[in-house]
Structure formats: structure tokens, C-alpha cells
Amino acid sequence: MEWTPDDEVTDLIRHLALQNSLQYSGEGQAGSVISRIMGSRADLRPHGKDLAPLVAQAVTAANAMATTEGLEAIETILESEAPHLLEKKIQTRRVGLPELPNLNGEKPVLRFAPNPNGPLSFGHSRGLVINAQYANDHDGVLILRFDDTDTTVKPPMLEAYESIPREQEWLCGYPAHRIVIASERMDLYHEHARKMLAGGFGYVCTCPAEDFKEHRVGMTECPCRANSVEDNLDGWKRMNDPEGYQPGDAVLRVKTDMTLKNPALRDWPAARIQTNAHPRVGNKWRVWPLLDFQSAVEDHLQGVTHIIRGKDLMDSTRKQTLLYSHFGWEYPETIYWGRVKVHEFGGFSTSQMKKDIAEGLFDDWNDPRLPTLSALSRRGIKSEALRSFWIELGLTQKDIAVPLSTLYSHNTKSIESTAPRLAFIRNAVPLVITGDVERSGNIASHPSEDLGVRSFSFEEGVWVESQDSGKPVRLKDLCDVDADGNVESIERSDKRPIIHWVAGGSPATLRTAEGQNLKLEEGILETHQLPVGTIVQLERIGYAIIEEEGLLMVHD
């Protein structure tokens, strides 16, 4: 039997649609209204399919009213028919990050913990910016921690220990208050491993990997779980003895509960034997902690109060909470964010970038096609732009996708007032200027800021782009000319196109990173005395940075 809403439900839909349109300035969303109805009226949930088109119609009508009659008309209706819905009349946009929860009057201690298997990239910048901003806002502590205990899958790179602190300071605007290197604190992790074994909440497991997988899936205990404390401590010694267990023979496990609903939490591994030499400490250690164990212990030792991480690491939180419970520690406040995908950066990973550089697909870590922080800086992306980009996105757990132009818009705000104007002519053709006009002179380098002047002289010839030749145009900041280059007016006389031009100049190459390709355009660059590293705005093209070999495109 077809369901039909009664007058009460019809009014509810209409009023909530009006409220939503009012809150979002005439841009109400049907999904928000449906969620509100489903959340507040359990009796209507079975009729969701029937409600959806009714809500869509009501929201469309409400938005149309906002456009034609104004938001005041919506407000008048709600004041008369549903005044309780005006309590949250206007949705204000959040400025900055949300308040850090559960500070309890204390200064927060936050950490950013990269694996130093390569330099920092765009993906790392979110964690750095958010943690650094909270630490700065609350006069807290920012820890830069190198989680470098994996010598097999992601072996550390020595250069990263030097580059990462520099990149961190560049991005955050101040150096980390504390730098911690996990590989130099191995004795502490071993100490806690022994405490775990002595306390009976850890054990040395010698089950083959496939056998333990069967136990984990079947929610049954492996034979090693019943080892005595003495047997486990002896097994730990054998793991650390070159003459004892070999890689793959044994692992240290945290004793949890093999019947836990989440398989990942069932007696999870805490340490294993690795025989690859570490670039900093060599072969001093055979047994290395896995990340969940090492990170948990270090967070406690450093007094970390808040952990801010991706929601994909929720299982890490669950594992570590179980470990903290064993030790009698209090787990830090944890905040999660969803994934942010920038389409133009694709699926880069540090390991893949390292491989591609070794194979010659990219020049080095500074290659402008890569999303490393050093490459972004080389392209003229400012640290303050990255900071404002991430702070604007905030800490939502929703997975979102944003175009690179969003970052560029933040960068434009940072560089617009300091970027001198220059002209770069592609597909250059000569233009002979005749008539009454100054044949040399100066033009302001910026339309509103005092950045000096640009000098020109027609004696060296005038160049325009081929697409601009053979038609009446206005030479920007100079004069109107006809199709043959005859001066018609010094002042702008009509709506003919305004074009950029170069008097004299010299050959240059404009390089633009487009995905994994590097586009090269030859042309003539206006003569200038600007130093290498200066960000300029190329007339009618976009922002670029001056390099020794020419120009590198920043963004349009």
C-alpha cells in the first residue's frame, strides 16, 4: 500500500527545508534535511524512499524563494509557523581549527612521527600543520619523532634525518621543541618488552605465520600463549641471540583476547627479528619493535596528551589502548581525520618516488613533478599557503577530494602583493610600432604595490604572441595600435583586447609540471634584474619562479 504523508509530516518537511535554506543562504541541501528527519523521527525511517522526492521538491522551492524573495521572506514564514527552528538561523563558517578537547587546564604535548625513508611530502604536511598549530595556539610542545625501527620494508634514509627538521621548521614557522629518534632509544623498548613478559601480558610466539593466522581467524589460542613467564623471558633472550632464533622463527606478541570481535586486535605482534643493518646504529640490535608497540611506548614516555591521526589508524588506537591498559597507563586523547585526495598528485608514495628517482623517471626529490615539500617550495608554494589550506579543511572525518587549485588560491594570497609583473612571449612574432608614442620608458612592476619599475626600449624590437598579431590591440600599459602596429591612441579608446608584449628581451624556457610530465615552452622573456628565486606574475599566464635555466611555472 502506497504511503502518503499527513499534514503534520508535510509541514515538517517544508519547515525543515526552509530552515536549511536559511542556514545556508539559499543553498540548502536535500541530504541534510533528510538526515534531520531520519534522526528525529524514527517512525518515518521506513518511508525514506517516499520522503526523498518530497524533500527534494521542498528544498528546491525554499532555495527558489530565497533567490526571488530574499532570506527575509523565509525568516518571516518560520517566525509565524515554526519559530523554534530559528534558534540556529545562520550557519557561520568556522575560522581556524576546532577547540582541542580535554585540555584540563594543561599545555598539550603533540607529536608528528614520520618514517625517515625519504623527505617530507604534501601528504605529511597535514599532520605537521595541524599538530604545530595546536601546539602554538596553546603554548604547548611539538615533538618531531623519527619512527625509524623498520629496517626491512621501509629502511631509513640518512639524508632524511637532516632534511626533515629543516622542512618541518619551514612549514610550521618554528622548530620542533623536541626531536626524538626511536632507533637511539631501543634499550627503552626492550625494557618495556621484558616488563610485558614479566607481567604475563606478552609472550614469545614460535608458531609459523600460517598457523597463527588460523588461530586468529578461528579465535583459538596458540600453544605458545600458555608459556610460563620464565619460558617467555628465555625465548626473548633467544630472539636477541644471533645463535638463537632466526628471522621468522619467533615474534613477541601482546596478549589480548583471541575472541575479540576485531581480528586485528587478537594477540597482535609487538616485535620481530630484523637482521638488516640500520644506517644509524648498524647491527647493534636484532629484535626491533613494530610501530604500534614502539609508538605506544614512546607516546607514554614523552607525555603525549593528544594524538591526531588519520581514521585509517583507528585499529592502531585500539591495539595501543589494550597495551596501555596492561601497563596501567592512561591513553592520550585521540582525534581523527579522513583522507584528502588531491587529484593532480595521483598516488605517489615515498617508496615509489624513491624507486622512480633511481630509475631516472624523475631527476631527484626536488623534481617539480613530485609532491615533496622541497619540490613544492621550489615551485613557489609558500609555507603559509600550505598552513591555511590544511587549517581551512580542518579535522573532518569525511573523505574528501580537492583540486590543486584550492591550494593555489591560498598561495595567491601569499604571493600576489610581492610578485613583480613580467612578460613572457610564446610563439613570438615581431611588431613594428609606428606613430607618436614614447619609444622607451618605465612601467610599474606591480599595479598597486611599490615594487620598482620595468624599463623598455623599442630600439631592441617589440615582440608579441602570434595569436595577438594582425589585429587591433592595446599594448598593456602603453597604447592602442591597429593591425599593422600604427599607434591610434595613448589612452584606452575601445574594448579591443589588451595584450602583453616585450621590447627586446632574451630567450627563455618556461617549464610547467603537468602530472608526471614536464611541459617546455620556448619564448622571449622581458629583460629584468630580478634574482634567481623571485616569484613573478607572468602577464596573462600565471605565477612563475625564476631559475637559472629560465622559468618554472608556479600556478596560474
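The values are calculated or read from the model by the stated rules, or taken from the named source; none is laboratory data. Because the structure is predicted, anything quoted here is derived from the model rather than measured. Neighbour counts are summed over all protein chains in view; Cβ atoms, including those assigned to glycine, are modelled from backbone coordinates with ideal geometry.
The rows are residues; the columns are (1) more than 19 Å from the chain's Cα centre (by Cα); (2) of a type in the set (A, V, I, L, M, F, W, C); (3) closer than 30 Å to Asp364 by Cβ; (4) at pLDDT below 95.
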residue: Pro108; (1), (2), (3), (4): yes, no, no, no
residue: Ala113; (1), (2), (3), (4): no, yes, yes, no
residue: Pro116; (1), (2), (3), (4): no, no, yes, no
residue: Pro119; (1), (2), (3), (4): no, no, yes, no
residue: Gly123; (1), (2), (3), (4): no, no, yes, yes
residue: Ile130; (1), (2), (3), (4): no, yes, yes, no
residue: Tyr134; (1), (2), (3), (4): no, no, no, no
residue: His138; (1), (2), (3), (4): yes, no, no, no
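For residues in region 322-365 being among the β-branched types (Val, Ile, Thr) and touching a helix residue (DSSP H, G or I) at 6+ places or on another chain (Cβ under 8 Å), which is nearest to Asn517 (Cα to Cα)?
Checking each candidate, the answer is Val342.
Among the residues in region 492-504, are any out of contact with any Phe, Trp or Tyr (no Cβ under 7 Å at 6 or more places or on another chain) and under 15 Å from Glu548 (Cα atoms)?
No, every residue in region 492-504 fails to be out of contact with any Phe, Trp or Tyr (no Cβ under 7 Å at 6 or more places or on another chain) and under 15 Å from Glu548 (Cα atoms).
Of Glu99, Glu106, Glu79, Glu69, which residue is touching a helix residue (DSSP H, G or I) at 6+ places or on another chain (Cβ under 9 Å) and of a type in the set (D, E, K, R)?
Glu79 is the lone residue from the list that is touching a helix residue (DSSP H, G or I) at 6+ places or on another chain (Cβ under 9 Å) and of a type in the set (D, E, K, R).
Just checking, how many residues over region 101-131 are outside any helix (DSSP H, G or I), basic (Lys, Arg) and touching a Phe, Trp or Tyr at 6+ places or on another chain (Cβ under 6 Å)?
Here the count works out to 0.
Residues in region 276-327 that are of a type in the set (Asp, Glu) and within 19 Å of Arg266 (Cβ to Cβ): how many?
So the count comes out to 2.
Can you tell me which of (1) over 23 Å from Leu510 (Cα atoms); (2) surrounded by fewer than 19 Cβ atoms within 10 Å (Cβ to Cβ) is the one Val473 doesn't meet?
(2)
On the given criteria, is Met239 in a helix (DSSP H, G or I), touching a His at 6+ places or on another chain (Cβ under 8 Å) and surrounded by 14 or more Cβ atoms within 10 Å (Cβ to Cβ)?
Judged against the criteria, Met239 is not a match.
Can you find, within region 30-45, the residue that is nearest to the chain's Cα centre (by Cα) among those that are in contact (Cβ under 8 Å) with a residue 12 or more places away in the chain and either within 21 Å of Glu79 (Cα to Cα) or not in a loop (DSSP other than H, G, I, E, B) (or both)?
Among those residues, the one meeting the criterion is Ser32.
If I ask for residues that are outside any helix (DSSP H, G or I) and under 23 Å from the mean Cα position of the chain (by Cα), which ones from region 306-329 would you list?
Hits for region 306-329 are His306, Ile307, Ile308, Arg309, Gly310.
Is there a residue being in contact with a strand residue (DSSP E or B) (Cβ under 7 Å, 6 or more places away or on another chain), in a strand (DSSP E or B), among the β-branched types (Val, Ile, Thr) and surrounded by 15 or more Cβ atoms within 10 Å (Cβ to Cβ) anywhere in region 343-350?
no
Would region 474-495 turn up any residue that is modelled with pLDDT of 95 or more, more than 30 Å from Ile308 (Cβ to Cβ), of a type in the set (Asp, Glu) and in a helix (DSSP H, G or I)?
Taking every residue of region 474-495 in turn, none turns out to be modelled with pLDDT of 95 or more, more than 30 Å from Ile308 (Cβ to Cβ), of a type in the set (Asp, Glu) and in a helix (DSSP H, G or I).
Of everything in region 21-34, what is surrounded by fewer than 17 Cβ atoms within 10 Å (Cβ to Cβ) and either under 10 Å from Ala52 (Cα atoms) or of a type in the set (A, V, I, L, M) (or both)? Give them in sequence order.
Gly31 - this is the single residue of region 21-34 that is surrounded by fewer than 17 Cβ atoms within 10 Å (Cβ to Cβ) and either under 10 Å from Ala52 (Cα atoms) or of a type in the set (A, V, I, L, M) (or both).
With the requirement that a residue be within 10 Å of Pro368 (Cα to Cα), part of a strand (DSSP E or B) and either assigned by TED's automatic domain parsing to the domain that holds Phe348 or not aliphatic (A, V, I, L, M) (or both), what does region 506-520 give you?
Arg511, Thr512, Glu514, Asn517
Select from region 145-174 the residues that are touching a residue at least 12 places away in the same chain (Cβ under 8 Å), outside any helix (DSSP H, G or I) and either farther than 30 Å from Val229 by Cβ or β-branched (Val, Ile, Thr) (or both) and list them in ascending order.
Matches in region 145-174: Arg145, Phe146, Asp148, Thr149, Thr151, Thr152, Lys154, Pro155, Pro156, Met157, Gly173, Tyr174.
In region 194-219, what residues are under 15 Å from Val254 (Cα atoms) and β-branched (Val, Ile, Thr)?
Residues satisfying the conditions are Val204, Thr206.
For region 394-452, enumerate the residues that are farther than 30 Å from Gly485 by Cβ, small (Gly, Ala, Ser) and part of a strand (DSSP E or B).
If the condition is that a residue be farther than 30 Å from Gly485 by Cβ, small (Gly, Ala, Ser) and part of a strand (DSSP E or B), then Ala401 is the only one that fits.
Provide a single number: the residues in region 362-396 that are of a type in the set (A, V, I, L, M, F, W, C) and more than 17 Å from the chain's Cα centre (by Cα).
Residues meeting the conditions: 2.
So that you can scan it fast, the table gives a plain yes or no per residue for (1) crowded, with 18+ Cβ neighbours inside 10 Å; (2) in contact (Cβ under 8 Å) with a residue 60 or more places away in the chain:
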| site | (1), (2) |
| --- | --- |
| Cys479 | yes, no |
| Ile499 | yes, no |
| Val502 | yes, yes |
| Glu521 | no, yes |
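Confirm whether Asp257 is under 16 Å from Thr149 (Cβ atoms), modelled with pLDDT of 95 or more, loosely packed, with under 13 Cβ neighbours inside 10 Å and of a type in the set (D, E, K, R).
Against the criterion (under 16 Å from Thr149 (Cβ atoms), modelled with pLDDT of 95 or more, loosely packed, with under 13 Cβ neighbours inside 10 Å and of a type in the set (D, E, K, R)), Asp257 does not qualify.
Please state which one of Lys398, Lys382, Lys355 is assigned by TED's automatic domain parsing to the domain that holds Pro114, out of contact with any Asp or Glu (no Cβ under 8 Å at 6 or more places or on another chain), closer than 22 Å to Val554 by Cα and of a type in the set (Lys, Arg).
Lys382
Could you look through region 428-438, keep only residues that are within 14 Å of Phe458 (Cα to Cα) and touching a strand residue (DSSP E or B) at 6+ places or on another chain (Cβ under 7 Å), and pick out the one that is surrounded by the fewest Cβ atoms within 10 Å (Cβ to Cβ)? I'd like the intermediate steps shown before the answer.
Restricting attention to region 428-438, the residues satisfying the condition of being within 14 Å of Phe458 (Cα to Cα) are 430-438.
Narrowing further to those that are touching a strand residue (DSSP E or B) at 6+ places or on another chain (Cβ under 7 Å): 430-431, 433-437.
On the way: Pro430: 10, Leu431: 21, Ile433: 19, Thr434: 11, Gly435: 13, Asp436: 7, Val437: 16.
That would be Asp436.
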